[in-house]
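J.: What follows is a structure written as structure tokens; I'll ask about it next.
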Amino acid sequence: MTTTALITGASRGIGRELVKQLAARGVTVLAAGRDAALLASLRAETGCLIQAGDLRDPATVLALYAAAKAALGEIDWLVNNAGFNNRKAPLAETGLDEFEAQYAVNLRAPYLLCREAMRDLTRRRTGHIVNVISTCALHANETMGVYSAMKWGLRGLTGVLVKEARPYGVKVTAVYPGGVNTAFRAQSRPDYLRPDSVATAIVNVLFAPADLVVHELTFRPLAECNF
Ligand SMILES: NC(=O)c1ccc[n+]([C@@H]2O[C@H](COP(=O)([O-])OP(=O)(O)OC[C@H]3O[C@@H](n4cnc5c(N)ncnc54)[C@H](OP(=O)(O)O)[C@@H]3O)[C@@H](O)[C@H]2O)c1
């Protein structure tokens, strides 16, 4: 039986590199994102399955899980990677629309997918959930209030899941990357981590020995030291 995985935010950046590396290791992956053309090119490159949809809509999130389950049979690994921060701004200058969009994608969507996956994985007594958070959830950074609120929320949710999943033999990992050079921000940051390096770190967590679970994984580019 091959291992199966649902990866969100797979059209570009960290998620795209993760799909490539998992497919190369024989994992059957369903890659999710919004950009159908980018997903189609990833399918052509790796043979992965794809599903396009906007995670701002909770019905679309649940439909994604159902479609992934139907396509994969069972979902062994869930990687909640999709996320965004539209801009940096002092809290006083942010709007409710930004808050609600970030809440929907960065917190509510992973909550829903974790909930669905936990129902299946605890029944099957196997599997692994990886939530891609950010070192933003380890510190308080000015001008990152809305993004931080969601990522701190996801950190809390992931910590609870670590404990709730453990009795069932289900692994849960919180990943805290520092800066990564992707389309996440408008300007290129060659001094930041390469997305394929981040993907390699996540792949190593997923392929860790059966008796070993990585609860938290924090890493940064050499350019950063926010210890
Ligand atoms: N880059 C960094 O410095 C950094 C640092 C720490 C943590 N992270 C986290 O790492 C994760 C991946 O980020 P990245 O750097 O790889 O960013 P990226 O290159 O911008 O990729 C973001 C991915 O999320 C998807 N996404 C965004 N909004 C979506 C929506 N409404 N519905 C469905 N999919 C949506 C995008 O899909 P489409 O493009 O198809 O819309 C894309 O595949 C995020 O959770 C981010 O918060 C990033």
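J.: Listed residues R16, R12; which is touching a Pro at 6+ places or on another chain (Cβ under 8 Å), within 9 Å of the ligand (Cβ to nearest atom), within 14 Å of D196 (Cα to Cα) and at pLDDT 95 or above? Spell out the reasoning first.
T.: Details: R12 fails: touching a Pro at 6+ places or on another chain (Cβ under 8 Å).
Answer to the check: R16.
J.: Continuing with this model, one more query. Please specify each residue of segment 73-85 satisfying the condition of being surrounded by fewer than 22 Cβ atoms within 10 Å (Cβ to Cβ) and near the ligand (Cβ under 10 Å from one of its atoms).
T.: F84, N85
J.: If you don't mind, there's one more thing I want to ask. Consider A63 against the criteria (1) near the ligand (Cβ under 10 Å from one of its atoms); (2) without any contact (Cβ under 8 Å) to a residue 24 or more places away in the chain: it satisfies all of them except one. Which criterion is unmet?
T.: So the condition that A63 fails would be (1).
J.: For segment 24-39: of the residues being among the small types (G, A, S) and out of contact with any strand residue (DSSP E or B) (no Cβ under 7 Å at 6 or more places or on another chain), which is nearest to the ligand (Cβ to nearest atom)?
T.: A37
J.: Within segment 1-75, considering only strands (runs of 3 or more DSSP E) that don't extend past its boundaries, which have at least 2 residues that are of a type in the set (V, I, T) and under 24 Å from R124 (Cα atoms)?
T.: Working: elements: 4-7, 28-33, 49-52.
In segment 1-75, 4-7, 28-33 are the strands (runs of 3 or more DSSP E) which contain 2 or more residues that are of a type in the set (V, I, T) and under 24 Å from R124 (Cα atoms).
J.: Within segment 210-227, restricting attention to residues that are more than 18 Å from D76 (Cβ to Cβ) and of a type in the set (D, E), which residue is farthest from the ligand (Cβ to nearest atom)?
T.: Out of the qualifying residues, it is E216.
J.: Right, next: Cβ-Cβ distance below 9 Å, separation of 6 or more or different chains: which pairs start in segment 168-197 with a residue that is within 26 Å of A208 (Cα to Cα) and part of a helix (DSSP H, G or I) and end on one that is more than 7 Å from the ligand (Cβ to nearest atom) and of a type in the set (G, A, S)?
T.: Once the first residue is within 26 Å of A208 (Cα to Cα) and part of a helix (DSSP H, G or I) and sits in segment 168-197, its partners that are more than 7 Å from the ligand (Cβ to nearest atom) and of a type in the set (G, A, S) give Y168/G127.
J.: Would you check if D97 is charged (D, E, K, R), surrounded by 17 or more Cβ atoms within 10 Å (Cβ to Cβ) and more than 10 Å from the ligand (Cβ to nearest atom)?
T.: Taking the combined requirement at face value, the residue does not satisfy it.
J.: Would you tally the residues in segment 166-179 being in contact with a strand residue (DSSP E or B) (Cβ under 9 Å, 6 or more places away or on another chain) and surrounded by fewer than 22 Cβ atoms within 10 Å (Cβ to Cβ)?
T.: 4
J.: Considering only residues that are of a type in the set (F, W, Y) and within 16 Å of the ligand (Cβ to nearest atom), look in segment 151-209 and name the one that is nearest to V132 (Cα to Cα). Walk me through it before giving the result.
T.: At the first step, the residues of segment 151-209 found to be of a type in the set (F, W, Y) are 152, 168, 176, 184, 192, 207.
Subset that is within 16 Å of the ligand (Cβ to nearest atom): 152, 176, 184, 192.
On the way: W152: 12, Y176: 7, F184: 13, Y192: 17 Å.
Out of the qualifying residues, it is Y176.
J.: Could you tell me which of the residues M144, M118 is within 14 Å of the ligand (Cβ to nearest atom) and not small (G, A, S)?
T.: It is M144.
J.: Sticking with this one: Is segment 100-108 home to any residue that is of a type in the set (A, V, I, L, M, F, W, C) and more than 11 Å from the ligand (Cβ to nearest atom)?
T.: So the first thing to find is which residues in segment 100-108 are of a type in the set (A, V, I, L, M, F, W, C), and the list is 101, 104-105, 107.
Keeping just the survivors that are more than 11 Å from the ligand (Cβ to nearest atom) gives none.
The answer is no; no qualifying residue exists.
The values are calculated or read from the model by the stated rules, or taken from the named source; none is laboratory data. Fair warning: this is a prediction, and the values are worked out from it, not measured in the lab. Every residue, glycine among them, receives a Cβ derived from its backbone with ideal geometry; neighbour counts consider all protein chains shown.
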